[in-house]
Amino acid sequence: MKELIEIIGIKYVIIYFLVANLVGFLSMGIDKFKAKRGYWRIPEGTLIMITVLGGGIGTLIGMYTFRHKTKKLKFTVGIPTILITEVIIIIMIITDLWKLFS
């Protein structure tokens, strides 16, 4: 595990999560824009996949900033559930890494 972290580098992991959350936020805004104008929409599965791939914070913030998908149970319960699960996993990984490097 230690070797993998040295290869990837923590800065790339941080950049990945920043980009994933920016994509999640922008996806909600773009989909809301398209919904108002009757354009082709971003599929719900894509929005959820962005969340699963690490964009949960951005997706959740975008959901409430743009008031988009806030009446759908799949999003009001699903997105926070995915986000909480990811945070727990990240905390577990950080705890294991802390033990590894200590």
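I need a count of the residues in region 68-102 that are among the polar types (S, T, N, Q) and more than 18 Å from residue 55 (Cβ to Cβ). So the count comes out to 2. For residue 45, the conditions (1) loosely packed, with under 14 Cβ neighbours inside 10 Å; (2) over 15 Å from the mean Cα position of the chain (by Cα); (3) of a type in the set (Gly, Ala, Ser) are fulfilled apart from (2).
The set of residues in region 1-38 being over 22 Å from residue 79 (Cβ atoms) and either surrounded by 11 or more Cβ atoms within 10 Å (Cβ to Cβ) or touching a residue at least 40 places away in the same chain (Cβ under 8 Å) (or both) consists of 1, 2, 5, 8, 15.
If only residues of region 75-102 that are surrounded by 10 or more Cβ atoms within 10 Å (Cβ to Cβ) and in contact (Cβ under 8 Å) with a residue 40 or more places away in the chain are counted, the one that is farthest from residue 56 (Cα to Cα) is 100.
Just so you know, all these numbers are worked out from the coordinates, no wet-lab data involved. Values in this document were obtained by computation on a predicted structure and should not be read as measured data. Neighbour counts run over all protein chains shown; Cβ positions are idealised from the backbone, glycine included.
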